[in-house]
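Reviewing the structure listed below.
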Amino acid sequence: MEALIRKSRTFIEGDICSQKVLHEIFSLDDISSVVHFAEVEAVDESVEKPLDYLSVNVVGTITRRQSIQTAGVFNLVFSSSGTV
């Protein structure tokens with residue numbers, strides 16, 4: 001990623017479903033872009049645990065979108081699932 005954009009970037013791991021965590025992240029620095037890899041993708045497991053997948057893939061994505069909009073971030077790179 002750094003070679004592509006020629007700047008150093010910080011990787012932050014946290015719960016995409018937590019509005020509090022996302023607010024804290026966006027308060028750390030002047031963030032101009034978000035690269036979104038937060039999803040779960042195992043098809044068999046999604047049948048076994050549908051609510052977990054709903055939480056991360058749907059609710060988490062909505063929470064992330066609301067947070068980046070509130071923070072005034074307009075650049076988003078969304079990575080699709082590896083199981084497409």
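The values are calculated or read from the model by the stated rules, or taken from the named source; none is laboratory data. All figures in this text were calculated on a predicted structure; none of them were measured in a lab. Positions of Cβ are backbone-derived with ideal geometry, glycine not excepted, and every protein chain shown enters the neighbour counts.
Points worth noting:
- First in the stretch 20-31 and closer than 14 Å to Gln66 by Cα, second anywhere and assigned to a loop (DSSP other than H, G, I, E, B), Cβ under 7 Å, 6 or more apart: Val21/Gly14; Val21/Asp15; Ile25/Ile12; Ile25/Gly14; Phe26/Ala71
- Subset of the stretch 1-24 that is farther than 19 Å from Asn75 by Cβ and exposed (fewer than 12 other Cβ atoms within 10 Å of the Cβ) - its residue that is modelled with the lowest pLDDT: Glu13
- Every condition in (1) under 18 Å from Gln69 (Cα atoms); (2) in contact with a Phe, Trp or Tyr (Cβ under 6 Å, 6 or more places away or on another chain) is met by Ser46 except one, and the failing one is (1).
- From the options Ser81, Ser27, Ser55, residue that is part of a loop (DSSP other than H, G, I, E, B), more than 11 Å from the chain's Cα centre (by Cα) and either of a type in the set (Gly, Ala, Ser) or modelled with pLDDT of 80 or more (or both): Ser81
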